[in-house]
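Trainee: Below is the structure I would like to discuss, written out as structure tokens.
The values are calculated or read from the model by the stated rules, or taken from the named source; none is laboratory data. Just so we're clear, the structure is a prediction, and the values are computed from it rather than from any experiment. Backbone-built Cβ (ideal geometry, glycine too); neighbour counts: all protein chains shown. These area figures cover heavy atoms from the full protein model, side chains too; ligands, DNA and RNA do not enter into them. Shrake-Rupley method; radii C 1.70, N 1.55, O 1.52, S 1.80 Å.
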Amino acid sequence: MRRLFLALVMIGGLACAYAQKLSPKWEELTAGDFVQAIHQSQGVCVLPFGILEKHGPHLPIGTDLLDVRFAVMNAVGQEYAVVFPEYYFGQIFEAQQEPGTIAYSLSTQLILLQETVKEMSRNGCKKIAIVNGHGGNNSLLPLFAQAQLASPRDYVVYVVGLPQRSAPGRPAMKSDPKNDMHAGETETSAMLVARPDLVHMDRAQSESGADQHRLNLPENVYTGIWWYARFPDHYSGTGSAATNELGEFDQKEWSRQIVEAIKAIKTDSESLRLQNEFFEKTQHPLDTKQ
């Protein structure tokens, strides 16, 4: 009896170890392992959303894609979820003048993202967390999430926004935080940790990341050309001020925030319930209590 008990314990331990060894990367899983991964993740799948655009004179075109996947992979190492492959089909019209930029039409962006989450859902991802790694998606992704209420569906889309950079203990910045928006000290520091082999610090000062102030409009007036007006070289900040210390802190904190989001999404049962309730009411608007 004791031998049988020990054998069962060993089998259970091996099964646990096997589960822990499942890759979180969608593309690395076998079909059989994918089924196990979906169960282990409780149906939570993460779509890291990057872009292809110039990042100053010193960072790679895929900085946002590489950076967000680095943060996500560190997060799912702590809280397991299935991670969708590289995704860069976002909003970047403002950088079309720069080499290497891939700017899909708005209709393509929305249709492709809708088809992607639909296919993810069909494969068991009933809670889809889109983790944004690109500032140009700040308007696109909330619009997409809101559009999920257009018709009934059996899954929920969550948008995890850009990381908060105000955690206690964050190393002091050397450059002006107000102008640190693209390929500057923060983003360069993060890449020094994520992909130091692709950072060319010797080129960081070959272009200026200063605000050109070429528009004079009230704060409540928006125009799409605002970014080009301020930063025509698609560089905002001082990349040469980057440090590993800042990068390590920010990467760890970003992953922590993603872990918190995944945990909350796993335990969330209200979003789908309320979504279903909403869709039911949309079929009978005159019956909705006034």
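Trainee: Gap in Å between the Cα centre of segment 109-159 and the Cα centre of segment 215-233?
Mentor: With segment 215-233 and segment 109-159 each reduced to a Cα centre, they are spaced 29 Å.
Trainee: On to the next question. What area, in nm² and to one decimal, does the C-alpha convex hull of the chain cast on average over all directions?
Mentor: If I average the Cα hull's projected area over directions, I get 21.7 nm².
Trainee: If the cut-off is 21 Å between C-alpha atoms, which lysines fall inside it for Lys127, apart from same-chain ones fewer than 8 positions away?
Mentor: Of all the lysines, those that pass the test against Lys127 - Cα under 21 Å, at least 8 places apart if same chain - are Lys25, Lys118, Lys263, Lys266.
Trainee: In addition: Which of the peptides 233-240, 183-190 is most tightly packed, and how do the rest follow, going by the mean number of other Cβ atoms within 10 Å of each residue?
Mentor: With the highest mean Cβ count within 10 Å placed first, the list reads 183-190, 233-240.
Trainee: Run the reach check for Lys289 against lysines, Cα to Cα strictly under 27 Å, same-chain hits fewer than 8 apart removed. What comes back?
Mentor: Qualifying lysines at Cα under 27 Å: Lys281.
Trainee: To the nearest 20 Debye, how big is the dipole of segment 29-92 about its Cα centre, given +1 on the beta carbon of each Lys and Arg and -1 on that of each Asp and Glu?
Mentor: Around 40 debye, computed over segment 29-92.
Trainee: For every other residue with a beta carbon closer than 13 angstrom to the beta carbon of Tyr88, add +1 if it is Lys or Arg and -1 if Asp or Glu, then tell me the sum.
Mentor: Residues near Tyr88 contribute -3 overall.
Trainee: May I ask you to rank Asp64, Asp202, Asp180 by accessible area, largest first, using a 1.4 Å probe over the protein chains only?
Mentor: If we order Asp64, Asp202, Asp180 from most to least accessible, we get Asp202, Asp180, Asp64.
Trainee: Let me ask something else about it. At 1.4 Å probe size, what's the solvent-accessible area of Tyr88? Round to the nearest 10 Å².
Mentor: Spelled out: Tyr88, probe radius 1.4 Å, area about 60 Å².
Trainee: Still on this structure: If you look at just the Cα atoms of segment 166-206, how large are its Rg and its Dmax in Å?
Mentor: Here Rg and the maximum Cα pair distance are 11.1, 33 Å.
Trainee: Another one. DSSP H helices in the chain with Cα extent of 15 Å or more along the helix axis and mean Kyte-Doolittle hydropathy at least -0.5?
Mentor: 2-20, 63-76, 106-122
Trainee: Any idea of the accessible area per residue across the chain, 1.4 Å probe, to the nearest Å²?
Mentor: Ligands and nucleic acids excluded, the result is 54 Å² per residue.
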